[in-house]
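Remarks on the structure that follows.
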Amino acid sequence: MKIKQAGMTLIEISVVLLILVALAGLALPYVSGISSSSLCKATDMTLSNTKKAIMEGFYIDTLGYFPKATKSTTADFNLTYLLEDSAAVWGAFNPETRLGWNGPYLDLGRKLTADNLTSTTLTNTSSGFVHVALTTSNFAVFDGWNHPIILQKHSTDDFRLVSAGFNGDLETKITDTVIGGDDRVLYVNKPSPVTNSSCG
């Protein structure tokens, strides 16, 4: 009596595996492209929401100031002031006058960690990437790649938000008029003179 064994031969298994590997090779670029595009679009949305929080919140409540430590400082621009209580500086919000710190203005920020500050450009004031060095005592708004978004005073009256992009290196200096590297840039209080590359 012959015993029949159910199953696949080694050749059949090899053919199935080759087909699966080929399909995975075709699908991988498509899937990773969608992921990269989604992170880019999420970053652009975060930039837009942060701009709205500044212009329709902080700026109005403080009578025309951008987020900074005090009314008199000229260089300490930082998104931490959208998230941490600044009532001592700007006064508590008065419902009658509609003035004073009425934050937090965003609910998507969190404290910086040492891991978030690995790029020297994110803490580099001397080369003109940021106005004050970011530290782990600051709160930040994060882009799709988990890098802190920076508020830059680009010129006398121009403010912009800058994401360090996929590579995590902030490459757009405060004085630059072009977007550096793969950074994402959104002007806060004027139409943008530069355009970000497509998210793809």
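Within segment 134-157, identify whether any single residue is in contact (Cβ under 8 Å) with a residue 60 or more places away in the chain, among the charged types (D, E, K, R), buried (at least 21 other Cβ atoms within 10 Å of the Cβ) and under 21 Å from THR46 (Cα atoms), and answer yes or no.
The answer is yes; a qualifying residue exists.
Residues to consider are SER36, SER48, SER14, SER32; find the one that is more than 21 Å from TRP145 (Cα to Cα) and either at pLDDT below 95 or not β-branched (Val, Ile, Thr) (or both).
From the options SER36, SER48, SER14, SER32, the qualifying one is SER14.
Quickly run through segment 80-89 and pick out the residues that are crowded, with 23+ Cβ neighbours inside 10 Å and in contact (Cβ under 8 Å) with a residue 40 or more places away in the chain.
THR80, LEU82, LEU83
Would you mind finding the one in ALA6, ALA22 that is outside any helix (DSSP H, G or I), out of contact with any Phe, Trp or Tyr (no Cβ under 9 Å at 6 or more places or on another chain) and either modelled with pLDDT under 75 or not β-branched (Val, Ile, Thr) (or both)?
Answer to the check: ALA6.
Out of the residues in segment 158-200 that are of a type in the set (A, V, I, L, M) and under 17 Å from ALA75 (Cα atoms), state the one that is surrounded by the most Cβ atoms within 10 Å (Cβ to Cβ).
Within segment 158-200, the match that is surrounded by the most Cβ atoms within 10 Å (Cβ to Cβ) is VAL162.
So that you can scan it fast, the table gives a plain yes or no per residue for (1) farther than 27 Å from THR175 by Cα; (2) buried (at least 19 other Cβ atoms within 10 Å of the Cβ); (3) modelled with pLDDT of 90 or more:
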site: ILE54; (1), (2), (3): no, yes, yes
site: SER72; (1), (2), (3): no, no, no
site: ASN78; (1), (2), (3): no, yes, yes
site: LEU99; (1), (2), (3): yes, no, yes
site: PRO104; (1), (2), (3): yes, no, yes
site: ARG110; (1), (2), (3): yes, no, yes
site: ASN116; (1), (2), (3): no, yes, no
site: PHE129; (1), (2), (3): no, yes, yes
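Output the number of residues of segment 148-192 satisfying the condition of being at pLDDT 90 or above, out of contact with any strand residue (DSSP E or B) (no Cβ under 7 Å at 6 or more places or on another chain) and of a type outside the set (Lys, Arg).
Residues flagged as at pLDDT 90 or above, out of contact with any strand residue (DSSP E or B) (no Cβ under 7 Å at 6 or more places or on another chain) and of a type outside the set (Lys, Arg) within segment 148-192 amount to 14.
Only one of THR74, THR62 is more than 19 Å from ASN138 (Cα to Cα) and either more than 15 Å from the chain's Cα centre (by Cα) or aromatic (Phe, Trp, Tyr) (or both). Can you tell me which?
Numbers: THR74 fails: more than 19 Å from ASN138 (Cα to Cα).
THR62 is the lone residue from the list that is more than 19 Å from ASN138 (Cα to Cα) and either more than 15 Å from the chain's Cα centre (by Cα) or aromatic (Phe, Trp, Tyr) (or both).
Would you pick out the residues in segment 72-101 that are farther than 24 Å from VAL178 by Cα, in a strand (DSSP E or B) and in contact with a strand residue (DSSP E or B) (Cβ under 9 Å, 6 or more places away or on another chain)?
Scanning segment 72-101 gives ALA92, TRP101.
For THR73, work out the one condition from (1) of a type in the set (Val, Ile, Thr); (2) free of Cβ contacts under 8 Å to residues at least 24 places away in the same chain; (3) in contact with a Gly (Cβ under 6 Å, 6 or more places away or on another chain) it doesn't fulfil.
(3)
The values are calculated or read from the model by the stated rules, or taken from the named source; none is laboratory data. Remember, predicted model here, so these are calculated numbers, not experimental data. Heads up, the Cβs are rebuilt from the backbone with ideal geometry, glycines too, and the neighbour counts pull from every protein chain shown.
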